[in-house]
Every structure is written in structure tokens, then in C-alpha cells.
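What follows is one structure encoded as C-alpha cells, with my remarks underneath.
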Amino acid sequence: MNPTPPPLPGTPSTPGRDPRGPWLPLTFLAIGIAPALVCLLVIFSTRTKGSSVDVLLVRFLIVDTICALISGIGIGFIAGRQWWLRLLTALPVAAGLWLVNALIALFAGCVLTMSGR
């Protein structure tokens, strides 16, 4: 008769899991998409035309760039442990958020400068 085998060792926690849950990445995504929401709010609340819209859109693109970089870097640091993996994740996230927000700004510029508005 064979003796009882020794108990199996415990399973280590998954290395990629964040114990804080999904709230930190979602917060960084919210920071990255916030300029688009503000721009859409400006579309529906502003009746200005002319050069003031140009100044507004330039400031929007500056804020968009800053928010997209913060969001991309934040998500990149959460996603990986090696620097190259963090960079590989952060750059496309930041570029994608910047592009989405810039397209919304382009749409806002077209809507605000239309003659029928």
C-alpha cells in the first residue's frame, strides 16, 4: 500500500494582476478622453465665431497632448514590468487618445466656424 502523497504547494498570485482592480487604468483612460468631452461641451454651449475659436482649439490641442501623455504613461506603467514593454504600451495608447481627441477638435472647429451656426 502506498503512503499518502504530500500536499501540493500553493499557487502563487498571477504576476500581471493588479490587486487594486480595474479602477486605476479606467482613471487614466478617463483623463485621456476628458478633453474630447470638454470639446463636445464647448460645441453645444458656445456661439462664438472667428479668431477666438482658433485660440480655443490651439489651447485644446495643448491640453489634449498633455492629457494623452499622462494617460498613456499611466497605463504603460500599469501594463508591464520591463521598460520596453511599458514604452510599447504607453506610446500607442497616448497616440490613439490624442488622435481621437484631435479628430473631435477638428469636428468642433468645423461646427463652430460654420456660417449657419
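What is the number of the single condition among (1) at pLDDT below 85; (2) loosely packed, with under 11 Cβ neighbours inside 10 Å that LEU57 does not meet? Only one criterion is unmet by LEU57, namely (2). Scanning segment 70-106 for residues that are under 18 Å from VAL38 (Cα atoms) and in contact with a Phe, Trp or Tyr (Cβ under 6 Å, 6 or more places away or on another chain) yields SER71, ALA105.
The values are calculated or read from the model by the stated rules, or taken from the named source; none is laboratory data. Just so it is clear, the structure is predicted and the values come from calculations on it, not from any experiment. So basically every Cβ, Gly included, is an ideal-geometry build from the backbone, and we count neighbours across all protein chains shown.
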